[in-house]
Amino acid sequence: MRDNSSLIKEFILIIAVFSGVFIIWNFVFLAGLIFGVDIGENKDFFDNFENLIFLTALTVDDGWSVSMFAISESMVFMGLYGAYWYRRMDIDGIYYFVRQPSRKKWILKTSLQLLGITAFWGLLQVGVPYILSSLYTDTDFSFMTFLLFIIMYLSITLFNYFSVYLVNIFSMRYGTVISFIIVYCFYIFCFIGMSFTKDNRYPLAYFAPTEVTLVKWEDDIGSIKAFVDINKSTIISLSVLAVYCMTLIFITWCNVDKWDIGLKSRENV
Amino acid sequence: MKIELIDITKKIKNKTVLENVDMTLETGKIYGLAGENGSGKTMLMRVLSGLIRPSGGKIKLDDREIHAMDLATVKVGLVLENTSLYNSMTGFENLMYLGNLRSDIRQDRVNEMLDKVGLDPTDKRKYSTYSLGMKQKLAIAQAFLEYPNLLLLDEPTNAIDEESCKKIRKLIMEGREERITLLVSHDRSVIDDLCDIIYTIADGKVRLCQ
């Protein structure tokens with residue numbers, strides 16, 4: 001039977017391989033976005049990036065550098081999902097929407113679908129490593145911490161995914177410039193928030209108006225630990241996210257019946 | 001069922017693409033709409049299918065005024081020019097997917113429709129590899145799939161060989177008494193052969209011809 005240290009090494013190796021694959025993927029993806037991907041006349045998947053707005057939450061490394069387009073593994077997912085909806089609304093939408101008697105119901109259904117995917121993604125990204133680290137390291141497993149960790153991650157990713165999903169829908173209706181302004185105004189607010197928090201560890205911390213540690217992910221030699229500290233600022237932070245998501249859903253809900261399906265965004269203004 | 005378009009106007013970026021359109025469509029009749037390229041035929045089809053909101057005018061369904069988007073509640077079968085289905089799916093998968101969005105379509109029906117338009121239901125090729133004619137046939141199959149109450153066909157015989165054209169014409173005539181059919185074509189002979197009432201459209205203005 002292998003001892004704990006070899007299991008930890010194996011675990012770290014698996015994580016490293018996964019991270020490596022994701023990083024390569026992300027670079028290819030980003031290069032495609034920056035330089036444009038042209039695969040001839042085939043009106044297929046990559047053509048859809050032409051008008052796609054691509055977002056990710058502010059991500060900060062251990063220093064104080066901030067990148068609006070930080071590369072993260074969730075970026076791939078957001079890109080794919082954003083492209084999927086762009087395609088649904090703008091390219092393949094004709095035969096799909098002619099079969100949707102209620103667009104409002106469709107918005108609700110897709111929002112729930114998005115929530116489900118995010119929950120699954122969150123579990124995969126955070127839940128599994130946390131359980132593994134509890135099993136193979138000296139970290140005590142706490143169900144409550146695990147649950148809070150999932151909820152926290154869910155909120156962050158949901159914020160990302162909803163931004164991508166809805167902003168892409170906005171871009172089809174109002175054009176990319178206005179959509180960028182809507183989202184980046186909010187991001188600038190978050191950035192200002194960050195200067196008060198002094199905590200650059202995780203994007204959610206930016207939303208907190210006072211200094212607070214929400215989630216800390218520490219990877220000291222072979223050990224992954226999660227600390228969740230719930231206090232007044234946590235509630236405020238999550239409320240900001242909830243209000244943001246709900247506002248986007250509400251705006252979409254109110255406008256979805258006014259949108260012309262199947263016209264290009266430039267015609268749709 | 002009776003659909004009335006009253007004074008319908010559609011503007012895109014201040015350009016009027018449909019102007020004061022008045023039309024009445026009733027179940028059992030085949031309507032023809034003839035016009036040059038860019039005259040507004042496809043835009044009118046989009047309005048009738050509930051995909052596009054007109055800038056002005058009224059729409060009535062059985063003498064009751066409705067929101068333009070409510071036309072999607074009428075079971076619409078639609079074929080539009082230059083629109084694609086899902087590239088990564090086969091013809092059969094495309095029809096199964098679309099047919100189950102609002103109805104409960106069984107495999108038998110999908111196979112029947114593919115057969116009727118001259119496509120092989122067992123063909124495993126993806127839609128992306130289809131020829132233009134095959135794509136058109138599949139678009140027609142999806143329009144007829146769910147026994148629509150309002151059938152809107154925009155240039156249905158484009159890119160289709162003579163033999164298949166006959167099949168499509170037969171399909172249009174079958175069950176015509178149970179639905180409204182609107183056939184759009186720039187080929188006047190197709191319209192003259194099949195339609196009971198003919199409209200013409202030019203610069204977004206529609207006129208009753210016959």
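Against chain B, whose longest principal axis comes from its Cα atoms, helix B:91-102 is set at around 50 degrees. Computed over region B:1-118, the quotient of the alpha carbon radius of gyration and 2.2 N^0.38 Å is 1.22. A simple count of charges around B:N20, restricted to other residues whose Cβ falls under 13 Å of its Cβ and scoring Lys, Arg +1 and Asp, Glu -1, yields +1. Annotation for B:K166 and B:C209: the two label points, set 7 Å from Cα along the Cα-Cβ direction, are 2.6 nm apart. When the Cα atoms of region B:55-102 are aligned to their principal axes, the ranges along those axes come out at 41, 22, 12 Å in descending order. Each residue, B:L101 and B:S128, gets one label point 7 Å from its Cα in the Cβ direction; the gap between the two is 2.1 nm. Solvent-accessible surface of region B:1-84, averaged per residue with a 1.4 angstrom probe and all protein chains in place: 42 square angstrom.
With Cα atoms as the point set, the radius of gyration and Dmax of region B:85-125 evaluate to 9.7, 26 Å.
How tilted is helix B:162-173 with respect to the longest principal axis of chain B? Cα atoms for both, answer in degrees (0 to 90, nearest 10). With rounding to tens, the tilt is 60 degrees. Counting charges near B:T90 (Lys, Arg +1; Asp, Glu -1) among other residues having Cβ under 12 Å from its Cβ returns a value of 0. When the accessible areas of B alone and A alone are added and the area of the pair subtracted, with a 1.4 Å probe, the result is around 2400 Å², both sides summed. Note the angle between two axes, namely the Cα long axis of helix B:107-117 and the longest principal axis of the Cα atoms of chain B, as a number of degrees from 0 to 90, rounded to the nearest 10. With both axes taken from Cα atoms, the answer is about 70 degrees. The fraction of accessible area contributed by carbon and sulfur in region B:41-148 is 45 percent, rounded to a whole number (1.4 Å probe; ligands and nucleic acids excluded). Whole-percent P(r), region B:90-210, all Cα pairs, 5 Å bins from 0: 2, 10, 21, 22, 19, 12, 8, 4, 1, 0. Inverting the pair-averaged 1/r between distinct Cα atoms of region B:2-208 gives 17.4 Å as its Kirkwood hydrodynamic radius. Going down the table (B:K2/B:K137; B:K11/B:K41; A:K105/A:K258; A:K258/B:K10), which pairs top 18 Å between alpha carbons? As for pairs spanning more than 18 Å Cα to Cα, those are B:K2/B:K137. The label-point distance for B:D192 and A:T110, in a model that sets each label 7 Å from Cα toward Cβ, rounds to 4.5 nm. Please check which bits of region B:132-154 a label hung off B:N37 would reach, taking the label as a point 7 Å along Cα-to-C-beta and the cut-off as backbone N under 17 Å. Under 17 Å, as judged by backbone N against the label point of B:N37, lie B:154 of region B:132-154.
Potential lengthening of the chain between B:K58 and B:N20 amounts to 12.7 nm, from the contour at 0.36 nm per residue minus the alpha-carbon distance.
Summing charges over all other residues whose Cβ lies under 12 Å from the Cβ of B:N100, with Lys and Arg as +1 and Asp and Glu as -1, gives +1.
The values are calculated or read from the model by the stated rules, or taken from the named source; none is laboratory data. Source: prediction; values computed, not measured. No Cβ is skipped: glycine too gets one built from the backbone with ideal geometry, and neighbour counts run over all protein chains shown. Just so you know, the surface numbers come from the protein's heavy atoms only, side chains and all, with ligands and any DNA or RNA stripped out. Shrake-Rupley method; radii C 1.70, N 1.55, O 1.52, S 1.80 Å.
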